[in-house]
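The values are calculated or read from the model by the stated rules, or taken from the named source; none is laboratory data. For clarity, every value in this text was computed on a predicted model and none was experimentally measured. Cβ: placed from backbone, ideal geometry, glycine included. Neighbour counts: every protein chain shown. Just so you know, the surface numbers come from the protein's heavy atoms only, side chains and all, with ligands and any DNA or RNA stripped out. Shrake-Rupley method; radii C 1.70, N 1.55, O 1.52, S 1.80 Å.
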Amino acid sequence: MEQRAARMAADEVTACWVALGTGERWLGQQPAIGVHPPDEGDGQWRIAAGLLRLVGQRSDPARGLPPVCWNQVQDATLQDFVGWALAGRVVPRRFAECEKVWVGGWTAPAYLERARAVLIGEQAARRPIGAARRAR
């Protein structure tokens, strides 16, 4: 799977692996989503894992929260996801710094921009503190 994903990425092909449910060990290690089959009532496949929303934009060290927090999107259908992916409204995102490990999911580019701005702001806020400590 890793080799196939690497070849597709080298060919600039965006791909999404789909798993039934959330138990596959490779979910989050490749650009992937997990799905639940339709309930008897509505006939819609639902996203179970891999579609993320930016929910936190302020760090809270007392609670152990980083400056940016992500949650799984609830109640999105597979049809919604496919439409969003084809239109570029969601994109795969790596959430780990290590190039050898793909820990991630799919999210909206606007969330990525907002998260980036928050992290830049956090880094800028820390610089004066670090500079003051070094000056002592």
- Can you work out the accessible area per residue across the stretch 1-52, with the rest of the protein chains kept in place, probe 1.4 Å, in square angstrom? 65 Å²
- Message: Using square roots of five times the C-alpha gyration tensor eigenvalues, list the equivalent-ellipsoid semi-axes of the stretch 1-59 in whole Å, biggest first.
- Response: 24, 19, 11
- Task: Would you calculate the separation in nanometres between label points at residue 16 and residue 42, each defined as 7 Å from the Cα along the Cα-to-beta-carbon direction?
- Result: 1.6 nm
- Task: Kindly state, to the nearest 0.05, the FRET efficiency for residue 79 paired with residue 116, given R0 = 25 Å and r defined as their beta-carbon distance.
- Result: 0.30
- Item | FRET efficiency, residue 53 to residue 3 (Cβ-Cβ, R0 25 Å, nearest 0.05) | 0.20
